[in-house]
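No lab work stands behind these numbers, since they all come straight from the coordinates. Values in this document were obtained by computation on a predicted structure and should not be read as measured data. Cβ placement follows ideal geometry from the backbone for every residue including glycine, while neighbour counts extend to all protein chains displayed.
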Protein chains: 2
Amino acid sequence: MALLNSIVNGEEASAISTQDRGFNYGDGLFETFLLLNGHAVFWDEHYQRLVNGCGALGIASPTEQRLKNDIDILYQLNPNVRTAVIKLMVTRGDSERGYHAEDNLSPNIITSISTYPSYLTEYWNEGVLVKKCNTLLSSQIQLAGLKHLNRLEQVLARQEWRDEFQEGLMSDVNGNIVEGVMSNIFIVKNETMSTPLIKNAGVNGVMRNIVLKLCEANGIMVVEDNLSNNKLVEADEIFLTNSIIGIWPVKRLENKSYPNKLTTKIMKLLVEKYSVDYATLYL
Amino acid sequence: MALLNSIVNGEEASAISTQDRGFNYGDGLFETFLLLNGHAVFWDEHYQRLVNGCGALGIASPTEQRLKNDIDILYQLNPNVRTAVIKLMVTRGDSERGYHAEDNLSPNIITSISTYPSYLTEYWNEGVLVKKCNTLLSSQIQLAGLKHLNRLEQVLARQEWRDEFQEGLMSDVNGNIVEGVMSNIFIVKNETMSTPLIKNAGVNGVMRNIVLKLCEANGIMVVEDNLSNNKLVEADEIFLTNSIIGIWPVKRLENKSYPNKLTTKIMKLLVEKYSVDYATLYL
């Protein structure tokens, strides 16, 4: 996950103003996605979520061309890196001290390219070890779904383990599972897939939506519903989604093993095929 | 509120790394307080809250001397500014992409001095106009009380008005008032003062605690309890506290006026006297 290069407001740089509102208040949004042979995977979906988030927070959205220019520069700086991770950050801009933001602020746009994380191949093939976190996700209907910069709950949850697990699941105050620290979650039970509703908490994950759309387009039943701990434990299969990993099967959740992975593996192949096709078509 | 100078990790500077975890995740804390003729007002209380917050988030606390050095430098740079505002920020430090933080991170310490805000004298004497915000405060028992950097709820709430009010009140999901966007709240009713419990949401305000301690030390009854909208509307007096303003009486809340201000005014005089004595004794 080593940082290779970063761009701040169009110039290669590695620092931002201490008056940036992202820094002071988390007043901004981010997107993280794969750059595969120079192609931004599921770019349309990431850009659209960013635009939606900017609208929700009242931040001026950067144009698509503006961001694509940065991505092209980051790729040109690293033409031999086959698979990399791009992170885009958009904040409301710099302002004086205080929560009040002037109307005419110019958003700060920070883009960076990092190496692909050193995940083991077995995470995709055999599955991952998952923990249930004690840190809860608070409910905030205005912020739910957005990939905003207020991420202390994820930081606290990630502190609950070191490398003995690959992911941790987070619940809301009602005890329903919402998502993983860095992923969304699906379960398979009796021929039906389901994933928690992202309504009061959680991130509206791009890979989650890709899975939902692929199923919908092909007549595969998926339900968005509350995911109780009981449903989770009794699932036939569990899998995790995010834009960097695609799909990881869950091998073990706390002490319970999930040997069934057939649906998950086929879904994973489908998403990968779709990702590569999509990346090849892009640009 | 214009920024005068800032210091980043001991050097006068106005930029931080784009890899700072405060910037990426809001993974840090801050304190804001008065610098009165070079004296940090209620310094012990601010430093102690910062240390407590660092403990809660697992961030290494900066030493008191380390921060005092910064404050001295900021004052030396502006020796003729009688009343200024100091902001201290402590983040977990820089790290690679991802929620996981290595154990050995070196916290980033950012301090700055700004001019005192241009508040009208009548805000202290006649009181302020206050709105009830629609933006709710989410409940998060691990983060409640801390002055952490995840402040999007305050940013959204502050967007609900321009300059037609001086403060907005925020409620939790149960409809109880927790605090103002930038202040804590007290009400006076039938010879008793009360302020909302800071247990599931809200900031453990230094000025709030000063008021509580002053009352306790002098046998004045103050209750920490849920503050329903009914209690609020039926209060004899309402006042707001924070470290920069001290105490502001509330003149009008939405459409209801609060002409009684006697208790508030005497409490305000007491806190101001105590603040100045304290500042004079310090250093």
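Let me have the 222 nm mean residue ellipticity of chain A computed from DSSP H runs of 4+ only, each contributing -39500 (n - 2.57), with the sum over all residues rounded to the nearest 500. Don't skip to the answer; put the middle values down first.
Details: 8 runs with 83 residues, N = 283.
Dividing the helical sum by the residues of chain A leaves -8500 deg cm²/dmol.
With +1 on each Lys and Arg Cβ and -1 on each Asp and Glu Cβ, how big is the dipole of the range B:196-259 about its Cα centre, in debye rounded to the nearest 20? Mind dumping the intermediate values first?
Working: 7 positive and 7 negative charges, 39 e Å.
For this selection, approximately 180 debye.
Just subtract the alpha-carbon distance of A:N134 and A:D72 from 0.36 nm times their residue separation and send over the number in nm, one decimal. Each step should come with its number before you reach the end.
On the way: separation 62, 0.36 × 62 = 22.32 nm, distance 4.08 nm.
Result: 18.2 nm gained on full extension.
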What gaps in nm, shortest first, separate A:I220 from its twins in the other copies when you place the label 7 Å past Cα toward the beta carbon? 6.6
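Could you tell me what percent of the DSSP beta bridges with both partners in the protein assembly as shown are antiparallel, to the nearest 5? Please report the intermediate quantities before stating the final value.
Numbers: 95 of 115 bridges.
So the antiparallel bridges amount to about 85 percent of the total.
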I need the phi-derived Karplus couplings for the range B:224-232: 6.51 cos²θ - 1.76 cosθ + 1.60, θ = phi - 60°, integer Hz, Gly and Pro marked x. 9, 7, 4, 10, 6, 4, 4, 4, 4
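Hey, got the average number of other protein chain Cβ atoms within 10 angstrom for residues in A:96-106? Show your work: numbers first, answer last.
Details: counts 6, 11, 10, 12, 10, 3, 0, 1, 0, 0, 0.
So the per-residue partner count for this stretch is 5.
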Would you mind pulling out the separation of the Cα centroids of the range A:111-169 and the range B:220-270, in Å? 42 Å
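Restricting things to alpha carbons, find the Rg to Rh ratio for the range B:128-265 using the Kirkwood radius for Rh.
Values: Rg = 13.9 Å, Rh = 14.9 Å.
Rounded to two decimals, Rg/Rh equals 0.93.
What's the long-distance tail for chain A, i.e. % of Cα pairs beyond 23 Å? Intermediate results must be reported in sequence, preceding the final value.
Values: 22087 of 39903 pairs.
Value for chain A: 55 percent of Cα pairs lie more than 23 Å apart.
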Just to confirm the number: angle between the C-alpha axis of helix A:43-57 and the first principal axis of chain A, 0 to 90 degrees, nearest 10? 70 degrees
Relative to the other copies, what are the label-point distances for A:E272, with labels 7 Å from Cα along the C-beta vector, expressed in nm at one decimal and sorted shortest first? 7.1
Roughly what would the spin-label model give for A:K189 and B:E254, points 7 Å off Cα along C-beta, in nm? 4.2 nm
Principal-axis tilt of helix A:262-281 within chain A, Cα atoms, nearest 10 degrees: 30 degrees
Name the shape class, rounded, prolate or oblate, that the alpha-carbon gyration tensor gives for the range B:1-153, where a ≥ b ≥ c are the square roots of its eigenvalues, rounded holds for a/c under 1.5, and otherwise prolate holds if a/b is larger than b/c and oblate otherwise. oblate
0 to 90° range, to nearest 10: angle between helix A:206-217 axis and chain A longest Cα axis: 50 degrees
Going by average Cβ neighbours within 10 Å, how do the peptides B:149-160, A:227-238 rank, with the highest at the top? B:149-160, A:227-238
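For B:137-145, what's the mean count of beta carbons from other chains sitting within 10 Å of each residue's beta carbon?
The per-residue average across the peptide is 5.
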How big is the shadow of the Cα convex hull of the protein assembly as shown, averaged over all directions, in nm²? 26.3 nm²
Using the structure shown, select from A:K132/A:K273; B:K131/B:K189; A:K68/A:K199 the pairs with a Cα to Cα distance greater than 25 angstrom. A:K132/A:K273; A:K68/A:K199
Dividing the mean separation of Cα pairs under 8 Å (6+ apart) by the residue count of chain A yields a relative contact order in percent of 20 percent
How would you rank B:L29, A:L67, going from fewest to most other Cβ atoms within 10 Å of each one's own Cβ? A:L67, B:L29
Report, in whole Å, the centroid distance computed from the Cα atoms of the range A:51-104 and the range B:4-60. 26 Å
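Tell me, A:V250, B:V188 in order of fewest to most beta-carbon neighbours within 10 Å? List each step's numbers first, then the result.
Numbers: A:V250 27, B:V188 21.
So the residues, fewest neighbours to most, are B:V188, A:V250.
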Within 10 Å of each Cβ in peptide B:19-32, how many partner chain Cβ atoms are there on average? Round it to a whole number, please. 6
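Let me spell out the model: positive unit charges on the Cβ of Lys and Arg, negative unit charges on the Cβ of Asp and Glu, origin at the Cα centre of the range A:44-88. What dipole size does that give, in debye rounded to 20?
Details: 5 positive and 5 negative charges, 25 e Å.
In debye, rounded to 20, the range A:44-88 gives about 120.
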Distant-in-sequence amide H partners of A:E179 (H built 1.01 Å from N, under 5 Å): A:M170
Cβ-vector label at 7 Å, B:N69, separations to other copies in nm: 4.2
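For A:S118 and A:E224, compute 0.36 nm times the residue count separating them, minus their Cα-Cα distance, and round to one decimal in nm.
On the way: separation 106, 0.36 × 106 = 38.16 nm, distance 3.18 nm.
Extending this stretch completely gives an extra 35.0 nm.
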